[in-house]
Amino acid sequence: MSQPQSQPMSPPFDGGAASAAYRNALKVIESVEPTVAGAIRSELADQRESLKLIASENYASPAVLLTMGTWLSDKYAEGTIGHRFYAGCQNIDTVEQAAAEHAKALFGAPHAYVQPHSGIDANLVAFWAILAQRIESPALAKAGAKHVNDLTAEDWETLRRELGNQRALGMSLDAGGHLTHGFRPNISGKMFEQSSYGTDPETGLLDYAAVRAAAREFRPLILIAGYSAYPRRVDFAKMREIADEVGAVLMVDMAHFAGLVAGKVLTGDFDPVPHAHVVTTTTHKSLRGPRGGMVLCQPEFADAVDRGCPMVLGGPLGQVMAAKAVALAEARQPAFRIYAQAVADNAVTLAEGLAKRGARLVTGGTDNHLVLIDVTSFGLTGRQAESALLDAGIVTNRNAVPRDPNGAWYTSGVRIGTPALTSRGFGADDFDRVAELIVDVLTGTTPSAAASGAASKAKYSIAEGVAAKTRDAAGELLARNPLYPGLELD
Ligand code: DSN
């Protein structure tokens with residue numbers, strides 16, 4: 001018998017139907033590889049039993065998850081809608097078109113490309129599209145050639161040098177920028193000469209005058225905005241003004257806050273879509289879709305973006321594009337706006353709950369979905385804090401803070417976000433209690449006196465009983481806000 005959905009912040013689903021679907025699916029998987037079936041069961045139990053505060057994670061709906069387990073996976077479909085390198089792609093065309101149309105309508109974007117397999121892939125597509133539109137096309141026109149294969153050896157050599165000699169300006173990693181925004185360990189840092197803008201040392205906030213000064217001096221081809229650990233809104237109208245002033249393309253990576261854009265929490269100057277030339281995102285974070293990426297762009301970049309596969313992407317994943325269509329359809333429902341507002345409101349409650357109990361927060365608070373605690377105020381490194389919280393059933397991730405003395409591995413911060421627990425139905429009182437539990441654990445944790453060298457940044461001990469008491473309290477919160485209520489595997 002189907003059970004009513006009691007999870008206010010998630011799309012409604014029929015618990016009985018979902019239970020039957022997963023029980024049968026697990027039976028089929030178990031008959032071939034029981035280890036995998038066991039891990040699938042165990043992952044659901046783990047997710048149900050922990051306070052998931054990783055800012056980049058969420059819980060997709062059963063409709064989204066089930067869409068991925070289908071034979072749309074078995075089709076090759078390189079190319080784009082209606083222009084494939086393989087025959088028989090009509091159903092892939094249908095799902096790709098549906099996802100693209102939903103994305104355009106949801107975000108008010110002139111063009112959407114839904115093939116990227118991840119955020120890194122989306123950024124790579126964007127980089128190459130910008131290079132193609134701004135560097136390659138003019139070079140072809142100058143040489144009177146239609147295609148790169150028509151260039152002389154000399155013109156080809158010149159073009160390759162130009163493609164490899166461009167500049168990108170992005171937010172520095174310790175200020176909350178992302179590795180794929182031109183940093184050396186990532187391919188983007190090898191493609192571009194990179195420079196960074198940071199945040200104000202006093203306030204921790206983006207300093208637009210400093211961004212303008214950096215852009216004027218560095219003259220990048222691409223000004224990259226967006227972040228994965230900055231707890232504030234960004235004024236994209238201002239970023240576009242800066243880009244225009246220096247003739248740069250404004251690319252915004254909204255992977256973290258796409259759900260807040262979709263849910264109209266970030267609007268006007270804070271909505272990147274009307275201001276940026278190209279916007280990239282993942283689909284699985286605050287947007288609550290399947291694991292994957294997407295590019296939105298102005299019409300002038302559409303042709304180049306649509307060449308993402310096979311330019312830098314392997315064959316599109318039909319089952320994931322279909323799941324993106326389902327998730328985007330969910331995000332177009334009025335309920336998603338309520339969810340997105342709750343994500344932002346809950347982040348404020350969490351920040352206030354932490355701050356009033358003595359935690360030091362980067363920028364002093366939040367106006368998006370995440371909070372960054374500077375755990376040196378508890379005498380800990382990010383690594384120690386992350387591990388101690390995990391011992392107590394609270395899943396977070398360590399993260400650098402601006403000008404971090406402990407570097408990117410041990411770090412001085414812990415990043416926490418509200419999208420996942422808000423999907424479970426956590427409200428203001430719950431998040432205030434979560435703040436209390438986090439502070440209890442951090443206050444009860446001390447660096448290990450016995451450790452020396454690098455180990456002194458990793459080892460810690462927790463006061464007797466704190467982890468167990470926190471687990472019990474977390475268990476109560478989780479029981480009040482069940483994950484996928486009505487979905488039973490046995
Ligand atoms: N891994 C994502 C995050 O946690 O922010 C971004 O790459």
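As a fraction of the 1.4 Å probe accessible area of the range 406-447, surface on carbon and sulfur atoms comes out at 53 percent.
Ranking Leu26, Ala474, Tyr59 by Cα position along the charge dipole of the chain, where only Lys, Arg, Asp and Glu carry charges on their C-beta atoms, puts Ala474 farthest toward the positive end.
Remark: the range 55-109 carries a charge dipole of roughly 80 debye about the Cα centre, counting +1 on each Lys and Arg Cβ and -1 on each Asp and Glu Cβ.
Under the criterion of Cα pairs below 8 Å and six or more residues apart, the relative contact order for the range 120-261 equals 20 percent.
Quick check: residue separation of Val148 and Glu245 times 0.36 nm, minus the Cα distance between them. What number comes out in nm?
31.8 nm
Heavy atoms of the protein chains alone define the surface here; on that basis the range 309-410 has 35 Å² accessible area per residue at 1.4 Å probe size. Heavy-atom accessible area for Trp128, with the other protein chains in place and a 1.4 Å probe, reaches approximately 80 Å². Shown in residue order for the range 309-324 are the 3J(HN,Hα) couplings computed by the Karplus curve 6.51 cos²θ - 1.76 cosθ + 1.60 at θ = phi - 60°: 10, x, 4, 10, 10, x, x, x, 8, x, 5, 7, 4, 5, 5, 4 Hz (x for Gly and Pro). Scaling against 2.2 N^0.38 Å puts the C-alpha radius of gyration of the range 361-424 at 1.09. Using the Cβ-Cβ distance between Tyr208 and Ser377 with R0 set to 35 Å, the FRET efficiency from 1/(1 + (r/R0)^6) comes to roughly 0.80. Dipole magnitude for the range 267-425: computed about the Cα centre from +1 point charges on Lys and Arg Cβ and -1 point charges on Asp and Glu Cβ, it is near 440 debye. Fully extending the segment from Arg433 to Gln97 would add 116.6 nm, taking 0.36 nm per residue of separation and subtracting the current Cα-Cα distance.
According to the square roots a ≥ b ≥ c of the eigenvalues of the Cα gyration tensor, what is the shape class of the chain, taking rounded for a/c under 1.5, prolate for a/b larger than b/c otherwise, and oblate for the remainder?
It comes out oblate by the Cα gyration axes.
The length gained on full extension between Tyr86 and Thr35, counted as 0.36 nm times the residue separation minus their Cα-Cα distance, comes to 14.8 nm. With the largest listed first and rounded to whole Å, the semi-axes of the equivalent ellipsoid of the range 186-268 from the Cα gyration tensor are 21, 15, 14.
How high is the FRET efficiency between Thr158 and Glu78 when r is their beta carbon distance and R₀ equals 51 Å, given to the nearest 0.05? Result of the calculation: an efficiency of 0.95. In whole percent, how big is the carbon plus sulfur part of the accessible area of the range 234-288, probe 1.4 Å, protein atoms only? Looking at the range 234-288 in its full context, I get 45 percent from C and S.
Projecting label points 7 angstrom from Cα along Cα→Cβ for Thr70 and Trp409 puts them 4.5 nm apart.
Note on the range 1-137: with neighbouring protein chains present and a 1.4 Å probe, carbon and sulfur make up 59 percent of its accessible heavy-atom surface. Is the shape of the range 11-116 rounded, prolate or oblate, going by the alpha carbon gyration tensor and its root eigenvalues a ≥ b ≥ c, with a/c under 1.5 for rounded and a/b larger than b/c for prolate? Because a/c hits 1.5 or more and a/b fails to exceed b/c, the range 11-116 counts as oblate.
Per-residue Karplus couplings for the range 386-396, computed as 6.51 cos²θ - 1.76 cosθ + 1.60 with θ equal to phi - 60°, are listed in order as 4, 5, 5, 5, 5, 4, 9, x, 10, 9, 9 Hz, Gly and Pro entered as x. Computed from the C-beta positions of Glu43 and Asp472 and an R0 of 30 Å, the FRET efficiency is 0.85 to the nearest 0.05. Projected label points at Ala21 and Arg291, each 7 Å from Cα along the beta carbon direction, are separated by 1.9 nanometres. The peptide list 222-232, 445-455, put in order of mean Cβ contacts within 10 Å with the highest first, becomes 222-232, 445-455. Could you tell me whether the range 447-490 comes out rounded, prolate or oblate from its Cα gyration tensor? Rule is a ≥ b ≥ c as square roots of the eigenvalues, rounded for a/c under 1.5, then prolate if a/b exceeds b/c, otherwise oblate. Since a/c reaches 1.5 and a/b is larger than b/c, the shape of the range 447-490 is classed as prolate. A 1.4 Å probe run over the range 1-131, with the rest of the protein chains in place, finds 48 Å² accessible per residue.
The values are calculated or read from the model by the stated rules, or taken from the named source; none is laboratory data. Note that the coordinates shown come from a computational prediction; the quantities given were computed from them, not determined experimentally. Cβ sites come from the backbone with ideal geometry, for glycine too, and all protein chains shown count toward neighbours. We work out accessible area using only protein heavy atoms, side chains counted, and drop any ligands, DNA or RNA first. Shrake-Rupley method; radii C 1.70, N 1.55, O 1.52, S 1.80 Å.
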